[in-house]
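Colleague: Got a structure here, written out as structure tokens. Questions coming.
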Amino acid sequence: MNYLTHLECSRCAETYDHDVPQNLCAKCGKPLFPRYDLEKIATVWRRTSLAQREASMWRYAELLPVIDATHIVSLGEQMTPLIQTKRLNDVFGLEALWVKDESRLPTGSFKARGLAMAVSKAKELGLTKLAIPSAGNAATALSIYAARAGMEAHIFMPKDAPAFNRDTCQLAGAKVTLVDGLITDAGKIVAERKAGEGWFDVSTLKEPYRVEGKKTMGLELAEQFNWELPDVIIYPTGGGTGIVGMWKGFEELEAIGWIDGKRPRMISVQSAGCAPIVKAWEEGKPEAEPWPDAKTMAAGLCVPQAVGDFLILNAIRQSGGAAVAVTDDEIRRGMEIFATYEGLLSCPEGAATVAGLRKLVDAGEIHPAERVVLFNTGGYQA
Ligand SMILES: *Cc1c(COP(=O)(O)O)cnc(C)c1O
């Protein structure tokens, strides 16, 4: 029941074998995407089959890269609720607003989706030592899935990463190195040391399968909307794997005939203290420049340079979307609004979508009757 055929460069289309561990394209240095026999899937897989499957991200097995299901490393990645807002609608003058609440996943953030997939594939490929640069939540997610699988996790994170992330990694027995710098500096250390140490680098989008885990957000959303996607998706963007993954998922669903060509406008929200994608979008550039002196209370958005920048910008442009920056004060206010009006205790990154929504509504870019989804990518952490 597996249809994975190969890996393909998302920029130059060079193909690679999926039976061996791969990172970036050897020719152009860009991310590799898993590809599937979509024609075959279209003939054998029916939407109705989902009714009999467990309500987790693994229910989309035909479009996932794990070949032998016994390799799946899971802590119960349940489908996350799509919560229709009640009181928030009046605040924004919108008729149809939902929150996709990712805080219910293991470790309290949607990073669980990507790392559950990456660790499962690592197990399938016989890898045992994994290394990651992370601003926080990805480190926690790798630590717990590696622990579950009995693998080594080598974590490199900024020294001012949230205490929750440092603690949870250490509790799970990961080897944690605090870096005097940002996630990009942590990434350089992993790149320098990995060959000598025998580590496999699971940096986001430098490893081909985390994006497949995050893709399941898009698959779930399509299913929860009964295969008619919403008009607008607002998503807090750091490394961009979520936007890129959902976009890939929508393409695949269309290719197998489960949805039509109508796609949501993809709106990327970043922090004003680190907004490389917003700047590139405003300037009409295909790639983003590294953001100097990045700083924000939303650790997951503190990514000054993303290897998949061109993919994020493509999804935004192709969808007719936008990119907006919001300040830390606006993010904090967003957390209050979520909690006060909907009883939702969100992470700062998730609350950034509320702040972004405010700007878009004020600018008249969202019509009151449009169906809008905010992604709350994680839960509140003290
Ligand atoms: C990592 C992270 C983000 C950014 O996600 P990308 O898909 O990498 O852009 C947003 N919110 C939270 C809570 C995160 O941990």
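Colleague: Whole-Hz Karplus ³J(HN,Hα) for region 3-20, in order, using 6.51 cos²θ - 1.76 cosθ + 1.60 and θ = phi - 60°, x for Gly and Pro?
Modeller: Coupling constants for region 3-20: 10, 5, 10, 5, 9, 9, 5, 6, 10, 9, 6, 4, 9, 9, 6, 8, 7, 10 Hz.
Colleague: May I pose another question? Determine, at each q value in 0.09, 0.19 (inverse angstroms), the log₁₀ of I(q)/I(0) that the Debye formula gives when each Cα of region 1-143 is one equal point scatterer.
Modeller: Those come out to -0.38, -1.26, one per q.
Colleague: Another one. Cβ neighbours within 10 Å, averaged per peptide: list 320-331, 101-112 in order, most packed at the top.
Modeller: Answer by packing, highest mean first, reads 101-112, 320-331.
Colleague: Ok, one more. Explain nothing, just the number: dipole magnitude of the chain about its Cα centre with +1 on each Lys and Arg Cβ and -1 on each Asp and Glu Cβ, in debye rounded to the nearest 20.
Modeller: Result for the chain is approximately 420 debye, rounded to the nearest 20.
Colleague: Given H placed 1.01 Å from N in the peptide plane, which residues other than close sequence neighbours of Val326 have an amide H under 5 Å from its amide H?
Modeller: The answer is Gln270, Ser271, Ala272.
Colleague: With +1 on the Cβ of every Lys and Arg and -1 on the Cβ of every Asp and Glu, and nothing else charged, how large is the dipole of region 237-306 about its Cα centre, in debye rounded to the nearest 20? Can you show the working numbers first?
Modeller: Values: 7 positive and 9 negative charges, 36 e Å.
That gives region 237-306 a dipole magnitude of about 180 debye.
Colleague: Which shape class applies to region 240-382: rounded if a/c is under 1.5, otherwise prolate when a/b exceeds b/c and oblate if not, where a ≥ b ≥ c are the square roots of the Cα gyration tensor eigenvalues?
Modeller: oblate
Colleague: For the peptides 83-91, 1-9, 231-239, 40-48, what is the packing order when you average, over each peptide's residues, the other Cβ atoms within 10 Å and list the highest mean first?
Modeller: Put in order of decreasing packing, that is 231-239, 1-9, 83-91, 40-48.
Colleague: Is region 4-71 rounded, prolate or oblate when judged by the Cα gyration tensor, a ≥ b ≥ c being the square roots of its eigenvalues, rounded requiring a/c under 1.5 and prolate requiring a/b larger than b/c? Let's see the in-between values first.
Modeller: On the way: a/c = 2.78, a/b = 2.03, b/c = 1.37.
Here region 4-71 falls in the prolate category.
Colleague: Tell me, how many Å apart are the Cα centres for region 328-381 and for region 1-40?
Modeller: Cα centroid of region 328-381 versus Cα centroid of region 1-40: 35 Å apart.
Colleague: When the Cα centres of region 249-296 and region 53-119 are compared, how far apart do they sit, in Å?
Modeller: Cα centroid to Cα centroid, the span is 20 Å.
Colleague: Taking a ≥ b ≥ c as the square roots of the Cα gyration tensor eigenvalues, with a/c under 1.5 meaning rounded and otherwise prolate when a/b beats b/c, else oblate, which class fits the chain?
Modeller: Numbers: a/c = 1.43, a/b = 1.13, b/c = 1.26.
In terms of gyration-tensor shape, rounded.
Colleague: Within 10 Å, count the other beta carbons around each residue, average over each peptide in 305-318, 139-152, and list them highest first.
Modeller: Packing proxy ranking, top to bottom: 139-152, 305-318.
All of the numbers you see were taken from the coordinates with simple rules; none came from a lab. None of the values given here were measured: they were computed from a predicted structure. Note that each Cβ is placed from the backbone with ideal geometry, even for glycine, and that neighbours are counted across all protein chains shown.
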